[in-house]
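What follows is one structure encoded as structure tokens, with my remarks underneath.
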Ligand code: GLU
Ligand code: ZN
């Protein structure tokens, strides 16, 4: 068994992260497996180097350990770009130059926030740029536009499934099934490479979990719905599908989900106030 904790260094390590990391390590330890840490730092507009040093320090303080060197997504851009070229050559992605406004206009919505058709990755793309595809199979994917997954071409089979040992936000557990038709209508042509990043969370996470032979993905239930996207990408690229274990989110005293920037729940604060790593475990219910 290989589990991983994959933080984005965009803020302090908070209780929600601690829970996720401790649970992933506990699961690996219980099975004599391995626990990995991966830094998901592709969003250069939000990532700050000081945060990853802090994240490591507090994970160590919590008693976690993991093999070095740690995989960093910012060092894997060439790998992502290679895969995008392959997807482009196979006509599984197309170049999209729409602004957010263009997408909203194409949907005929009067304004932002109006009742737009929405899937797990946001507004369902109306298809405006779908014809912007590779002309020849040996071309490189363009870098001056976003690349969207052509969902009708990406769904390589009619039925999909994955195993959930935790639960989704509505208690979904066990064998989770969906169809190609569901994916086309309810997810649509999601962005697989942002112009300013050269990749996306979805593409990177799928390639990295496979590259690290992760067998059990342990993460918050807020990512349950996008797992369908990950499974579609795994089938398309011939990668194994790990077992997924989505867990409850740690909420603040008012019952609100903890935001990444919520410093009030930062592990730093608990430590400064004299809490021990065991106290943190108790607070998150482990
Ligand atoms: N990097 C993501 C985050 O911080 C987690 C991705 C994942 O676990 O799949 O929310
Ligand atoms: Zn477009």
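Overview of results
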{"quantity": "Strands (runs of 3 or more DSSP E) enclosed by the stretch 183-256 - at least 2 residues per element that are out of contact with any helix residue (DSSP H, G or I) (no Cβ under 8 Å at 6 or more places or on another chain), modelled with pLDDT of 95 or more and crowded, with 18+ Cβ neighbours inside 10 Å", "calculated": "none"}
{"quantity": "Residue satisfying condition, being surrounded by 13 or more Cβ atoms within 10 Å (Cβ to Cβ) and at pLDDT 95 or above, within set 281, 265", "calculated": "281"}
{"quantity": "Residue in the stretch 141-149 that is within 16 Å of ligand 1 (Cβ to nearest atom), surrounded by 17 or more Cβ atoms within 10 Å (Cβ to Cβ) and in contact (Cβ under 8 Å) with a residue 60 or more places away in the chain present", "calculated": "no"}
{"quantity": "In the stretch 9-45, residue farthest from ligand 2 (Cβ to nearest atom) [restricted to those that are surrounded by fewer than 19 Cβ atoms within 10 Å (Cβ to Cβ) and assigned to a loop (DSSP other than H, G, I, E, B)]", "calculated": "32"}
{"quantity": "Inter-residue pairs, beta-carbon under 7 Å, first in contact (Cβ under 8 Å) with a residue 12 or more places away in the chain and within 19 Å of residue 17 (Cα to Cα) and in the stretch 218-240, second in a helix (DSSP H, G or I) and near ligand 1 (Cβ under 8 Å from one of its atoms), 6+ apart", "calculated": "218/20; 219/20; 220/20"}
{"quantity": "Selection count, the stretch 109-168, where residues are within 16 Å of ligand 2 (Cβ to nearest atom), in a loop (DSSP other than H, G, I, E, B) and on the phi > 0 side of the Ramachandran plot", "calculated": "1"}
{"quantity": "The stretch 88-108: number of residues that are surrounded by 14 or more Cβ atoms within 10 Å (Cβ to Cβ), assigned to a loop (DSSP other than H, G, I, E, B) and within 15 Å of ligand 2 (Cβ to nearest atom)", "calculated": "2"}
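The values are calculated or read from the model by the stated rules, or taken from the named source; none is laboratory data. Remember, it's a predicted structure, so these values are computed and weren't measured experimentally. When we count neighbours, we look across all protein chains shown, and the Cβ atoms used for this are built from the backbone with ideal geometry, even at glycine.
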